[in-house]
Amino acid sequence: MSHEYDDPTRLIPRNLEQAGTFSPDDPTQFIVRPVGPPARYTPVPPVPLQTPFVTGHHPGAMLGQPVVPGPEHLRLIAPVQRRPTRGWRRLVYALTGGAINPGESPYERNRRALVARVNRQVRGDYRIAVLSLKGGVGKTTTTVALGATLASVRGDRVIAVDANPDFGTLAQRGPDQTRATVRDLLADTSIRRYSDVRAYTSQSASRLEIMASERDPAASEAFSEDDYRQVISLLQRFYNIILTDCGTGLMHSAMTGVLDEANAIILVTSPAMDGARSASATLDWLAHQGYERLVANAVVVVSSARPGATSMDIEQLMQYFQSRSRAVHFIPFDDHLAEGSEVVLSLMNRKTQDAFIELAATVADAFSYRDHGQFVPITPAR
């Protein structure tokens, strides 16, 4: 079947088939050029909505040309909700055999973020001095509980050393696995390996190791600055984190070595007026003695060593020390810690455990910097 537009001459009127060029004297004469048939309609296939278009440099393809999806266009791993570990969420997950997973609670997510901060890498070794001018405020307890928290969360070696020249009690807060002291360690000239040092320490269930000071209060030979420097020089070869439980004085010989060797200090105070004044005086003394770097990086711990309410405004006290240090943490009263015996993390109540892991995370925030003398703020891990 032929169409009338198959022959282009059929579109020309018969009286114009022989028409020539246009003449002004004869307006009816003009040229009519043959025209072809109209273009046939060819439908354009639709572009699938999910087809990616090239929007950047792509070899052999033009901008806007559909291409085969690459790995960058695919979601290879679907997000998986973590299994809840406590509360009604855990119960629902267990009763449904995992078919219903309500995910982690805000508490669990925050706890996981704190653990990630505690696990920050330590470059070399990190030395923390725990001190207080006033006795009975929880300095030794803070040293052991913080060290135990760090050791239980991290996979490296953590040790607490008793540098109290006046019969320190650090060893009483851990297991009694050896009667050796720091003095015995210094007398051993054959130490070559970690196992050699381990013979002089006691290790708790948390993996925290404790090195005791001289147990005889009548010992005439005091723990000196040179003694402390020798101990630290030895321990930093085998341990990643070294905590030093200092005495209550700042003027004894060993204290100079402690402060010179420390990367950071933790200043422990009580929620009482005399404790706060002593802590403030300690910061002043450190600044005047040239330890501004330690003051700037200091973490103040307000430890409630006694049950019941206090007459002090805790919030106001913490705000004051916040203006003078890097961070301030409050440790609530805990029946287990008040016993004065070996510190076991699992026996502390949950609020106390949470307080110490928050303290450990704050301390660990400074681990990522090679120059540990100056703290640089970082964004907490999410």
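The values are calculated or read from the model by the stated rules, or taken from the named source; none is laboratory data. Quantities reported herein were computed from a predicted structural model and do not represent experimental measurements. Cβ: placed from backbone, ideal geometry, glycine included. Neighbour counts: every protein chain shown.
Annotations
- On the stretch given as the stretch 181-209, residues that are surrounded by fewer than 17 Cβ atoms within 10 Å (Cβ to Cβ) and in a loop (DSSP other than H, G, I, E, B) total 8.
- In the stretch 358-368, the residues that are buried (at least 17 other Cβ atoms within 10 Å of the Cβ) and more than 13 Å from VAL301 (Cα to Cα): ALA361, ALA364, ASP365, ALA366, PHE367
- Checklist (1) within 22 Å of ALA151 (Cβ to Cβ); (2) without any contact (Cβ under 8 Å) to a residue 24 or more places away in the chain; (3) surrounded by fewer than 16 Cβ atoms within 10 Å (Cβ to Cβ) applied to GLY340, failing item: (2)
- Test: residue in the stretch 297-306 that is at positive phi and surrounded by fewer than 20 Cβ atoms within 10 Å (Cβ to Cβ): no
- Per-region count, the stretch 322-352, residues out of contact with any Leu (no Cβ under 8 Å at 6 or more places or on another chain) and assigned to a helix (DSSP H, G or I): 9
- Where helices (runs of 4 or more DSSP H) fall wholly inside the stretch 221-288, the ranges with 3 or more residues that are surrounded by fewer than 16 Cβ atoms within 10 Å (Cβ to Cβ) are 225-235, 273-288.
- Only one of the numbered conditions (1) closer than 25 Å to VAL328 by Cα; (2) of a type in the set (Gly, Ala, Ser); (3) modelled with pLDDT of 95 or more is violated by SER233, and that is (1).
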